[in-house]
Each structure stands twice: as C-alpha cells, then as structure tokens.
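Participant: Below is the structure I would like to discuss, written out as structure tokens.
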Amino acid sequence: MTYCSEHDDELAAVWAPFDDEADDEAGDPRNLKPVIAQVMSAVWQIASTGTPGQREAAVDILADTRRRLYGVLADGDEA
C-alpha cells in the first residue's frame with residue numbers, strides 16, 4: 001500500500017492512454033477499449049471454465065499475441 005501512495009503518478013500513467021475521449025467514438029479503429037473488454041471476457045471464460053488443454057492453448061495464444069503486439073511497436077509508426 002505504501003508503494004501505491006508513493007508512486008501514484010507512475011500508476012496513474014498506466015491508464016493515461018485510455019483517457020483520450022476521441023478514442024471513445026463507436027467504430028473508431030483506434031478505440032482499443034471494446035476489443036480489450038472482449039478479449040478479457042474470453043480469457044475469463046477460459047480461466048474459469050476451460051479445461052486444462054483449453055487453458056494451455058490460451059496461454060500459447062496470449063503469449064503469441066503479446067509478441068506480435070510488441071512487433072507492431074518495433075515496426076514503428078506507418079503514418
């Protein structure tokens with residue numbers, strides 16, 4: 001708890017990308033919020049009701065997704 005109170009700016013910065021109201025418009029391809037919510041819902045379903053094999057497959061998919069997302073950042077901005 002002490003860490004949180006001493007590093008509130010650092011912790012708040014994690015959520016800063018979601019503060020942009022321009023991204024809240026429906027259908028805006030930059031809006032990651034609905035997709036993140038949908039993915040988290042699927043992850044929760046697998047975590048809570050999935051078989052061991054399904055959870056193992058999900059771990060592989062999520063690890064690959066993480067690598068691919070970092071690859072997007074490594075490729076730089078196309079604009």
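Participant: Kindly evaluate Ala63 against the criterion of being at pLDDT 95 or above and among the aliphatic types (A, V, I, L, M). Step through it out loud before you land on a result.
Facilitator: Working: at pLDDT 95 or above: yes; among the aliphatic types (A, V, I, L, M): yes.
Answer is yes for this residue.
Participant: Restricting to the range 28-79, name every residue that is among the acidic types (Asp, Glu) and part of a helix (DSSP H, G or I).
Facilitator: Listed by number, the residues that qualify are Glu56, Asp60, Asp64, Asp75.
The values are calculated or read from the model by the stated rules, or taken from the named source; none is laboratory data. Just so we're clear, the structure is a prediction, and the values are computed from it rather than from any experiment.
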